[in-house]
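What follows is one structure encoded as structure tokens, with my remarks underneath.
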Amino acid sequence: VTRLTIDPITRLEGHGKIEIFLDDQGDVEKTYFQVPELRGFESFCVGRPVEEMPALTNRICGVCPEAHHLAAAKAADAAYGIVPPRPAQLLRELMYCAFYVTDHTTHFYALGGPDVIMGPDAPVADRNILGVIRKVGLEVGSRVIETRRGGHRVVELIGGRRIHPCTAVPGGMTKGINAQERAEIEAIARQMLDFAAFSNELFATLIADGQTRDLLLGDLFRHETYYSGLVDDKGRVALYDGRIRVVAPDGTEHGTYEPRDYREWIAEHVEPWTYLKFPYLRKVGWKGFVDGADSGIYTVAPLGRLNAATGMATPRAQAEYERYFATLAPPTNGVRPPVHVRGAMHWARLIEMLYAAERMLELVADPEITSTDVRAMPTQAPTEGVGTVEAPRGTLTHHYWTDADGLVTRVNLIVGTTNNHAPIALSIDRAARGLIRHGVVIDNGLLNRIEMAFRAYDPCFGCATHSLPGEMPLEVVIRDPRGETVGVLRRGD
Amino acid sequence: MIETRKHRFAMYWASACGGCDIAVLNLHEAILDFAERFEIVFWPAVMDTKYADLEAMPDASIDVTLFSGGIRNAENARLARLLRAKSAILVAFGSCANEGCIPGLANLATTSGLLTAAFEGPSTDNPDHIRPAAAFHAPEGELELPELRPLLATLDQVVEVDYRVPGCPPESERIAEVIGLVGAALDGNATLPPRGSILGGGKSTVCDECKRDRNSKRIDHFTRLPLLASVDADVCLLEQGLPCNGPATRDGCGAKCPAAGAPCIGCYGAADGVDDFGARLLSAFASVVDASEPEQIDTILNGLPDPVGQFYRFSLAGSLLRGARAAREATQ
């Protein structure tokens, strides 16, 4: 057996590692995707006051602290049995939508999107934000910066700080916003909506190019999994609150459930060779690293959310949603199948960016958005609560148990990227099998395809471990059966 | 034409959340000026990083390295040593590198406790009680994972640190000041303070930056936010009975949390001249408590249900209380 080790250059930091074993014919026998980091939040949050959990769990991830902050606040609301006043819910969702536009902007223009914008064959030196600016113009570059600055400003106005917000507490928020702040947020939201619309148009022109379209939307990374995401009462994509809808690989509904019932629907499989678990659908079962209707592997994040929903709740996003499905998954026998190709995640992400910006304008126009009635008091001792939001990288669930004084006694977390752990492993395996035959390795092709697979998912091992999304520098070490290195491939060589 | 060499800059995350990197990116337009002045030679968050190139760099050839994150496993420690060797100025950047931050609370637990919480969790399907191990014999060959260290260590428990930038994360305005100062010093136009100094932090406490009114009111009990029906928007939170860490915490953050109605949680670390955050906070709390007898004080302090979290929320790993000695031993 020959062994390939694909190891981020950062293997010495523990970001993630891929081991590929070849059989005697030189074909792929098995791949292992290892996540070698564990920080232990489930353990050391025990004993802390539950009202501190939104501030403590922020520190799981500095890329998406807003998601952890709000999932924690919702779990603490539920533990106390409090429903926050409507203005508090509006404020939380408004902050969250601003964060979504910001995060998706960062991904499309700086992290995963350069593959699309520059084309997969562009020199490595150009497949980054600077290359993007050279291609689409400095003006677009400054709009990216403006959008990110605006998003962080909204998070600061509502959340109190730009990174690791502090205002969501059990029962609501510590503060509201005044009329002047509301007006500032509205102006930012208008700019964000223009930029989201522009980004969708840009994507349409990019995939008009046949080669880009084939590589992005072709079948290399096509896995027929289940899909899961939060939906509103009409089955449309929801980010801050809702029920979870799961569809099967043929598009039929597997089930819809309240997030607090997640343990009836989701279980997490453990492998002894990685610190990250593999969630799967309990009612289907863990069948190993295979796709299809008999395997409980499901996909989340933009691809999962759009597949699991029946539409978008705002008009311009709905129009894009219809175009997306008409293009990628036309109905057969009246049933709309899910989009299975992973490269479609870039498009789905931009549709969500449009939705989040449109939703900001709805929220900021709500007469109650400047209300000072932003916190409700508990009327009972806390016990147990589940809080779920859609993080940009997938459904995020915080589950706390407390004693009667509100000190945490047990914590369970299922973070966004973790849900996609098994699908990411499938894509890595697909890349390896597609590109290694009879011992022949397509060197740079392998690196590029695997990197593209990663970047489409926008994995955030910051949540699971600590790496920013998108950029996963790879190094491939080829070893003979005795473990001796016989060659090294590195991106950029 | 004379070309001036750009200063060589590196940034690295060990066991971190990425918030420090985002805080630097949030310089927004100023990041372009930064790129004019500095050549980024190593920064995994934003650029393709060739680790072998880092190893090949001459010692002390990086002018300044911002190091964020704690030292959780052997790999974090190895990178800390490597970057120490390659950097003329090594900056412990952010709370994790300086004092352990929230993940440092893991030092209250054992490694097996961390693993049990993660792998026997309420939604985990693990009938065989599997624990990921540093070495695993897969049918096809050996697989390895980096071993967790028994305690999370701060950067200065592993290598010598030149400067410290506090905050979780450091505020972007402070980062701009620090980068401006370091750049000017490298140009020969400014002088850096003595080694070991804090950069990007104030000389006082969060209370001095806080705009809330203090009336020297004493309190007869501590309360908790969910139990306090009405929080006065203008009055000191501590005087309203909420345990606020402002009196022991370094200024420089702008006192944003108390301004937003949330008590200071202490993310800027111990105020200037304070060795032990918890001891200083305890004495600050004692000074506002309306009691004279030790028993009364004890009763009031019983209103703080999570003392270790309250007094060492960010600083446990770096404190004398827990971690430092054992972490040094683990390093040796």
Review point. Residues of the stretch A:95-111 with amide nitrogen under 18 Å from the 7 Å Cα-to-Cβ point of A:A365?
Key: A:95, A:97-98
**Study point:** Distance between modelled label sites at A:K234 and B:R78, nm, 7 Å Cα→Cβ extension
**Key:** 5.5
Review point. Quick one: if you stick a label point 7 Å off each Cα along the C-beta vector at A:D294 and A:T379, how many nm between them?
Key: 5.2
Check your understanding: Taking B:K256 as the anchor, which lysines have their alpha carbon closer than 30 Å to its alpha carbon, excluding any fewer than eight residues away along the same chain?
Key -> A:K74, A:K175, B:K203, B:K211, B:K217
Exercise for review: Hey, can you grab everything whose amide H is under 5 Å from the amide H of A:T395? Only 5+ residues off in sequence or another chain; H modelled, so Pro and N-termini drop out.
Suggested key: A:A301
Check your understanding: When all alpha-carbon pairs of the stretch A:196-265 are counted, what percent fall beyond 14 Å?
Key -> 71
Revision key, fill the gap. Scan of chain B for GluC sites (Glu not before Pro) in DSSP loops with at most 16 other beta-carbon atoms within 10 Å gives a longest site-free stretch of B:161-332
Review point. Exactly which trypsin sites (Lys or Arg not before Pro) in the stretch B:114-214 are in a DSSP loop and have at most 16 other Cβ atoms within 10 Å?
Key: B:R195, B:K203, B:K211, B:R214
Practice item. Give me the distance between the Cα centres of the stretch B:90-158 and the stretch B:3-32, rounded to whole Å. Key: 27
Check your understanding: Considering every residue in B:252-260, what mean count of other chain Cβ atoms within 10 Å of its Cβ is obtained?
Key -> 4
Review point. If you put +1 on each Lys and Arg Cβ and -1 on each Asp and Glu Cβ, how big is the dipole of the stretch B:178-229 around its Cα centre, in Debye rounded to 20?
Key: 280
Check your understanding: Can you give the mean number of other chain Cβ atoms that lie within 10 Å of the Cβ atoms in peptide B:303-313?
Key -> 3
Point to revise | Contour excess over end-to-end distance, with Cα ends at B:S287 and B:T116 and 0.36 nm allotted per residue | key: 57.5 nm
Point to revise | Coil-residue trypsin sites (Lys or Arg not before Pro) of the stretch A:241-339, DSSP, other Cβ within 10 Å capped at 14 | key: A:K283, A:K287
Check your understanding: In terms of the Cα gyration tensor, with a ≥ b ≥ c the square roots of its eigenvalues, is the stretch A:308-416 rounded because a/c is under 1.5, prolate because a/b exceeds b/c, or oblate?
Key -> oblate
Check your understanding: Of A:S228, B:S15, B:S319, how do they rank once you tally other Cβ atoms within 10 Å and put the fewest first?
Key -> B:S319, A:S228, B:S15
Practice item. Enumerate the amide H contacts of A:T225 below 5 Å, restricted to partners 5 or more residues apart or on another chain; note that Pro and chain-start residues carry no placed amide H. Key: A:G292
Point to revise | Inter-chain shielding of A:143-155 (mean C-beta neighbours from other protein chains, 10 Å cut-off) | key: 2
Review point. How do A:C97, B:C236, A:C45 line up, fewest other C-beta atoms within 10 Å first?
Key: B:C236, A:C45, A:C97
Review point. Can you sort B:T110, A:T418 by how many other beta carbons sit within 10 Å, fewest first?
Key: B:T110, A:T418
Study note, to complete from the structure: Per the 1/(1 + (r/R0)^6) rule, R0 = 22 Å and r from the Cβ atoms of B:R5 and B:E29, FRET efficiency to 0.05 is 0.35
Point to revise | About the Cα centre, charge dipole magnitude for chain B (Lys/Arg +1, Asp/Glu -1 at Cβ), debye | key: 440
Revision key, fill the gap. Between A:E29 and residues 5 or more places away or on another chain, the pairs with built amide H atoms under 5 Å apart involve A:F21, A:L22, A:D23
**Study point:** Calculated FRET efficiency for the pair A:L138/A:R323, C-beta based, R₀ 30 Å, to 0.05
**Key:** 0.55
Review point. How far apart, in nm, are two points set 7 Å out from the Cα along the Cα-to-Cβ line at B:A184 and at A:D214?
Key: 5.8
Practice item. Once you have a ≥ b ≥ c as the square roots of the Cα gyration tensor eigenvalues for the stretch A:208-309, tell me rounded if a/c is under 1.5, and otherwise prolate or oblate according to whether a/b is larger than b/c. Key: oblate
Point to revise | Cα shape, the protein assembly as shown, gyration tensor, a/c 1.5 rule | key: rounded
Practice item. For chain B, report the convex hull volume of the alpha-carbon atoms normalised per residue, in Å³, without decimals. Key: 188
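Values in this text are rule-based calculations from the coordinates and carry no lab data. Quick caveat: nothing in here was measured; it's all calculated off a predicted structure. Neighbour counts are summed over all protein chains in view; Cβ atoms, including those assigned to glycine, are modelled from backbone coordinates with ideal geometry.
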